[in-house]
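Undergrad: First the structure, which I've put down as structure tokens, then a few questions once you've had a look.
The values are calculated or read from the model by the stated rules, or taken from the named source; none is laboratory data. Since the model is a prediction, treat every value here as computed from it, not as a measurement. As a convention, Cβ positions derive from the backbone with ideal geometry for all residues, glycine included, and neighbour counts pool all protein chains shown. Heads up: the accessible areas ignore ligands, DNA and RNA and are worked out on the full protein's heavy atoms, side chains in. Shrake-Rupley method; radii C 1.70, N 1.55, O 1.52, S 1.80 Å.
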Amino acid sequence: MTQESQVSSENKELLRIGDEKNPLVISLNTYKEIRYFDIRRFYFDKISKSVKPTPKGISLKEEEFVALLNLLTSQGDNLISLFTDDLNSNELTLRGNRREAIASEKAKYSHGKYSYSFSSWPGPNFFITEFKKDSVEIKFNTRNNLIGKVENENIKSTELLFKLISSFVKTKETLDFKSKVSIEKLIEFIETEWNNQLKL
């Protein structure tokens with residue numbers, strides 16, 4: 001599909017990621033009575049003072065989207081690990097700089113309203129944090145056994161506290177790096193291993 005084909009009166013934006021003037025926009029678009037799952041980079045047009053789509057992107061038909069979704073659902077953990085496995089020093093540095101920039105941006109909203117919810121997703125973390133303009137939402141992954149018990153209130157407060165602290169202590173005991181690692185890599189390792197310890 002061309003850039004022009006993305007302009008439709010029946011576009012439903014699902015997610016906007018990144019910089020306000022150069023966002024990655026995920027949407028469900030309709031073109032010639034066919035719906036497409038569209039992932040596209042936008043740019044800021046100085047004349048109209050609005051963001052517009054670029055040719056950089058992809059539109060997936062329903063069957064293509066379903067195939068991608070099946071891959072992400074069944075291989076989510078493995079795909080995520082591809083971003084971090086066997087990184088060389090340059091990659092570690094660039095990754096650290098990028099994560100630092102993201103953390104700095106998130107820190108702008110660190111005093112917002114906090115809330116929590118329970119959800120389920122494939123991945124190594126028992127929680128994720130979503131930063132919005134005026135709030136922060138902590139989502140707990142119910143695929144983790146402990147979180148599932150918390151959601152169903154099948155666990156006492158003292159038992160919960162004990163499991164959280166003891167699993168964190170066990171996580172610290174597993175720290176044994178043969179070479180120097182970045183702070184970002186260390187935090188990533190702790191989050192993943194903490195989740196693994198909570199599963200035990």
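Undergrad: So what's the back-of-envelope 222 nm ellipticity for the chain, counting only DSSP H runs of four-plus at -39500 (n - 2.57) apiece and dividing by all residues, rounded to 500?
TA: Values: 5 runs with 81 residues, N = 200.
It comes out at -13500 deg cm²/dmol, rounded to the nearest 500.
Undergrad: Of the accessible area of the chain, with the probe set at 1.4 angstrom, what percent is carbon plus sulfur?
TA: On the way: 8070 of 14470 Å².
For the chain, the apolar C and S fraction of the accessible surface comes to 56 percent.
Undergrad: Next up: Which GluC sites (Glu not before Pro) does the stretch 15-66 hold that lie in a coil by DSSP with at most 10 other beta carbons within 10 Å? Write down the numbers at each step before the final one.
TA: Numbers: sites: GLU20, GLU33, GLU62, GLU63, GLU64; in loops: GLU20, GLU33.
Sparse-neighbourhood loop GluC sites (Glu not before Pro): GLU20, GLU33.
Undergrad: Still on this structure: What is the packing order of peptides 79-85, 185-191, taking the mean over residues of other C-beta atoms within 10 Å and listing the highest first? List each step's numbers first, then the result.
TA: Working: 79-85: 12.0, 185-191: 15.1.
Sorting 79-85, 185-191 by mean packing, highest first, produces 185-191, 79-85.
Undergrad: Using only Cα atoms and rounding to the nearest 10 degrees, what angle (0 to 90) does helix 183-199 make with the longest principal axis of the chain?
TA: Tilt relative to the chain: about 70 degrees.
Undergrad: What FRET efficiency comes out for THR174 versus ILE80 if R0 is 25 angstrom and r is the Cβ-Cβ distance? Round to the nearest 0.05. Provide the component values of the computation, followed by the final result.
TA: Details: r = 19 Å, r/R0 = 0.77.
So the FRET efficiency works out to roughly 0.85.
Undergrad: Another question about this same structure. Solvent-accessible area per residue for the chain at a 1.4 Å probe radius, Å²?
TA: Numbers: 14470 Å² over 200 residues.
On a per-residue basis, 72 Å².
Undergrad: Relative to the longest principal axis of the C-alpha atoms of the chain, give the angle of the C-alpha long axis of helix 89-107, reported between 0 and 90° and rounded to the nearest 10°.
TA: Helix 89-107 and the main axis of the chain meet at about 80 degrees.
Undergrad: Within the stretch 65-98, list the residues whose amide N lies under 13 Å from a label point set 7 Å along Cα→Cβ of TRP121.
TA: Hits in the stretch 65-98 for TRP121 at 13 Å: 73, 76-77, 80.
Undergrad: Between LEU94 and ILE17, what is 0.36 nm times their sequence separation minus the Cα-Cα distance? Round to one decimal in nm. The partial results should precede the final answer.
TA: Details: separation 77, 0.36 × 77 = 27.72 nm, distance 1.95 nm.
Length difference between fully extended and current span is 25.8 nm.
Undergrad: Any idea how far apart ILE155 and ILE34 come out in nm if each label point goes 7 Å out from Cα toward Cβ?
TA: Label at ILE155, label at ILE34, 4.8 nm between them.
Undergrad: Where a Cα-Cα gap under 22 Å defines reach, which lysines qualify for LYS21, not counting those fewer than 8 residues away within the same chain?
TA: Result set, ordered by chain and number: LYS12, LYS46, LYS49, LYS52, LYS56, LYS106, LYS108, LYS132, LYS133.
Undergrad: Once you sort the root eigenvalues of the Cα gyration tensor of the stretch 120-187 as a ≥ b ≥ c, which label holds: rounded (a/c under 1.5), prolate (a/b larger than b/c) or oblate (the other case)?
TA: Values: a/c = 2.20, a/b = 1.24, b/c = 1.77.
The shape class here is oblate.
Undergrad: Could you name the lysines whose alpha carbon sits less than 20 Å from that of LYS172, not counting residues in the same chain fewer than 8 places away?
TA: LYS163, LYS180, LYS185, LYS199
Undergrad: With the crude spin-label approximation of a point 7 Å out along Cα→Cβ, what separation in nm comes out for LEU186 versus GLU137?
TA: Result: 3.2 nm between the two label points.
Undergrad: With axes computed from alpha carbons, what is the tilt in degrees of helix 157-173 against the longest principal axis of the chain, rounded to the nearest 10 within 0 to 90?
TA: Between helix and principal axis, roughly 90 degrees.
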